[in-house]
Amino acid sequence: FELERVRILKGKTEAESVFGITSLGRGEADAKRLMELVRGHWGIENGLHWVRDETLGEDRCRVRRGQAPQALAALRN
């Protein structure tokens, strides 16, 4: 499916087209259902991953060896 996004940021309008793949059949993949799925995904992204990435600095963490990455992820959870 194709989704066109339009946003206004600091008075400037930006538009982009993004594409998605679903395992839903044509009868199940109407526009309403696809938007529910896309919005649900972004709800998780904004509610959980953004907090971990920005507030806890998870993406900037340089720990890569042994059990330390898993231990830090458990602490962040």
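A compact table of results
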read-out	value
Hey, V18 out of contact with any strand residue (DSSP E or B) (no Cβ under 6 Å at 6 or more places or on another chain) and open to solvent by less than 70 Å² (accessible area, probe 1.4 Å) or not	no
Tabulated pairs, segment 54-77, first assigned to a helix (DSSP H, G or I), second not hydrophobic (A, V, I, L, M, F, W, C), C-beta under 6 angstrom, 6+ apart or interchain	E58/R52; D59/D53; R76/R52
All positions within segment 23-38 that are charged (D, E, K, R) and part of a helix (DSSP H, G or I)	K32, R33, E36
Which numbered condition R39 fails, given (1) of a type outside the set (S, T, N, Q); (2) over 16 Å from the mean Cα position of the chain (by Cα); (3) open to solvent by 90 Å² or more (accessible area, probe 1.4 Å)	(2)
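Residues are listed down the side, and each one gets a yes or a no for (1) in contact with a Gly (Cβ under 6 Å, 6 or more places away or on another chain); (2) hydrophobic (A, V, I, L, M, F, W, C); (3) open to solvent by 50 Å² or more (accessible area, probe 1.4 Å):
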{"position": "L3", "(1), (2), (3)": "no, yes, no"}
{"position": "K32", "(1), (2), (3)": "no, no, yes"}
{"position": "R52", "(1), (2), (3)": "no, no, no"}
{"position": "R76", "(1), (2), (3)": "no, no, yes"}
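The values are calculated or read from the model by the stated rules, or taken from the named source; none is laboratory data. Keep in mind that this is a model prediction, so the values were computed, not measured. Heads up, the Cβs are rebuilt from the backbone with ideal geometry, glycines too, and the neighbour counts pull from every protein chain shown. The accessibility values were calculated without ligands, DNA or RNA, using every heavy atom of the protein model including side chains. Shrake-Rupley method; radii C 1.70, N 1.55, O 1.52, S 1.80 Å.
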